[in-house]
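The values are calculated or read from the model by the stated rules, or taken from the named source; none is laboratory data. The model shown is predicted, which means the values in this text are computed figures rather than measured ones. Glycine also receives a Cβ, built like all others from the backbone with ideal geometry; neighbour counts cover every protein chain displayed. Please note that ligands, DNA and RNA were not included when accessible areas were found on the heavy atoms of the full protein model with its side chains. Shrake-Rupley method; radii C 1.70, N 1.55, O 1.52, S 1.80 Å.
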Amino acid sequence: MSDSIATQLYLISPPKFDPDGFAAQLKEAVANDIVTCFQLRMPGVSEAELAETARRLAPICWDHDVAFLLCDHVDLVKELKLDGVHLEGNVSEQAVKEARKSLGEEQSIGVSCFSSRHIAMLAGEAGADYVSFGPIFDSATKDMDADPDALEALRWWAVMMELPCVAVGGLTPDNCSDCVTRGADFLAVVSSIWNHPEGAGTAVKAFEKAITGATS
């Protein structure tokens, strides 16, 4: 983790990708200290394919002290000894408790909370290590419109709660400053990293510059 910048980058994989080509992109992206977390999210694939991809990509992250999380699939996180799980969708308090019971205290649990302070508080009480709010902007990755209440929920959470919060949804270097100034601990980013015409490393540096500018 970077000592000089409070807001860090939380990378999420594109929904579909070629593992060989993506491994090179990932290695380039995580070389910057501002990246502290990577989530592998591959909706619709088999557990076998997900496990194979995780085994391929996790060492790249670990070589750079970047945490490697899976989206859902708690059992696979435990089996592969990954760093944690992100639970998305309509996550219940009980689901968080069950994940915590399964994973113990060493592995992290994150929860998607949309713009709901109530869901976020229940998730925190049930054992989540962080909560995410969004989509802040329209999300092409999930084909979701921006939630007009998400940014205010993030601001409120950052002021009132100690549990880390993540801003997610349509974030780019050009529009992320409000999330930074409102206290987001992490910016979760997808297409703005992997689809950058000059490569993932250049995209990460652009976010670093934007975050630094927002906090200076």
I need two numbers for segment 95-216: Rg to one decimal and Dmax as a whole number, Cα atoms only, in Å. 14.9, 43
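Ranked highest first by average number of other Cβ atoms within 10 Å, how do 35-47, 177-189 line up? Write out the running numbers ahead of the final one.
Working: 35-47: 17.5, 177-189: 21.3.
Packing proxy ranking, top to bottom: 177-189, 35-47.
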GNM, the chain, Cα, under 10 Å: largest mean-square fluctuation among Ile12, Ile119, Ile193? Ile119
Diffusion coefficient in µm²/s returned for segment 150-216 by Stokes-Einstein, Kirkwood Rh over C-alpha pairs, 25 °C and 0.890 mPa s, is 200 µm²/s
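How big is the antiparallel share of DSSP beta bridges in the chain, given as a percent to the nearest 5?
Working: 1 of 29 bridges.
The answer is about 5 percent antiparallel.
Can you check what the net charge comes to around Ala123, using other residues whose Cβ is under 11 Å from the Cβ of Ala123 (Lys, Arg +1; Asp, Glu -1)?
Details: positive: Lys97, Arg100, Arg117; negative: Glu93, Glu125, Asp129.
For residues surrounding Ala123, the net value is 0.
Given the -39500 (n - 2.57) contribution per DSSP H run of 4+ residues, what per-residue ellipticity at 222 nm results for the chain, rounded to the nearest 500 deg cm²/dmol?
Numbers: 9 runs with 91 residues, N = 216.
Calculated at 222 nm, the ellipticity per residue is -12500 deg cm²/dmol.
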Given H placed on each backbone N at 1.01 Å, which residues far from Met144 in sequence or on other chains put an amide H within less than 5 Å of it? Ser139
In Å, the C-alpha Rg and Dmax of segment 67-127 are 10.8, 32
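Filter Lys97/Lys209; Lys27/Lys142; Lys97/Lys205; Lys27/Lys209 down to the pairs with a C-alpha to C-alpha distance above 31 Å, please. Intermediate values should be presented prior to the final figure.
Values: Lys97/Lys209 38 Å; Lys27/Lys142 24 Å; Lys97/Lys205 37 Å; Lys27/Lys209 20 Å.
In this structure, Lys97/Lys209; Lys97/Lys205 lie more than 31 Å apart at Cα.
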What base-10 log of the normalised intensity I(q)/I(0) is obtained for segment 13-58 from the Debye formula, alpha carbons as equal point scatterers, at q = 0.27, 0.34 Å⁻¹? -1.11, -1.44
Carbon plus sulfur, as percent of the 1.4 Å-probe accessible area of the chain, comes to 49 percent
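What dipole magnitude, in Debye to the nearest 20, does segment 87-216 give about its Cα centre under +1 on Lys/Arg Cβ and -1 on Asp/Glu Cβ?
Numbers: 9 positive and 19 negative charges, 32 e Å.
For this selection, approximately 160 debye.
Report the relative contact order of the chain, percent, no decimals, based on alpha-carbon pairs under 8 angstrom and at least 6 residues apart.
Value for the chain: 20 percent.
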Excluding ligands, DNA and RNA, what is the solvent-accessible area per residue of the chain at a probe of 1.4 Å, expressed in Å²? 48 Å²
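For segment 1-134, what does the equivalent ellipsoid look like in terms of its semi-axes, each the square root of 5 times an eigenvalue of the Cα gyration tensor, given largest first in whole Å? Mind dumping the intermediate values first?
Details: eigenvalues 111, 66, 37 Å².
Gyration-tensor ellipsoid for segment 1-134: 24, 18, 14 Å.
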